[in-house]
């Protein structure tokens, strides 16, 4: 598996850790992604650098520190590291 993470739109995510404890446990499908935010289908907006996510990406689950997701998709493909759960 490559360490490249493409757009997360359409991926299912779960917040495992967050500086905002009310976000922990929230699950949903990513409907929009900007440089610093993810929006999931229940209209919750997640600040990438404030969460650790479990992401279902290409039928594999990964635990990813949201700080690695900050920035443009094409830029993060160069620096992101993913950990298979």
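The values are calculated or read from the model by the stated rules, or taken from the named source; none is laboratory data. As the structure is a prediction and not an experimental result, all values here were calculated from the model. Ideal geometry is used to build each Cβ from the backbone, glycine not excepted, and the neighbour counts take in all protein chains shown.
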Of all residues in the stretch 25-37 being part of a loop (DSSP other than H, G, I, E, B) and surrounded by 14 or more Cβ atoms within 10 Å (Cβ to Cβ), the one that is modelled with the lowest pLDDT: 36
Of the residues 63, 55, only one is in a strand (DSSP E or B), surrounded by fewer than 16 Cβ atoms within 10 Å (Cβ to Cβ) and modelled with pLDDT of 85 or more; which? 63
Total residues in the stretch 12-24, condition touching a strand residue (DSSP E or B) at 6+ places or on another chain (Cβ under 7 Å) and in a loop (DSSP other than H, G, I, E, B): 1
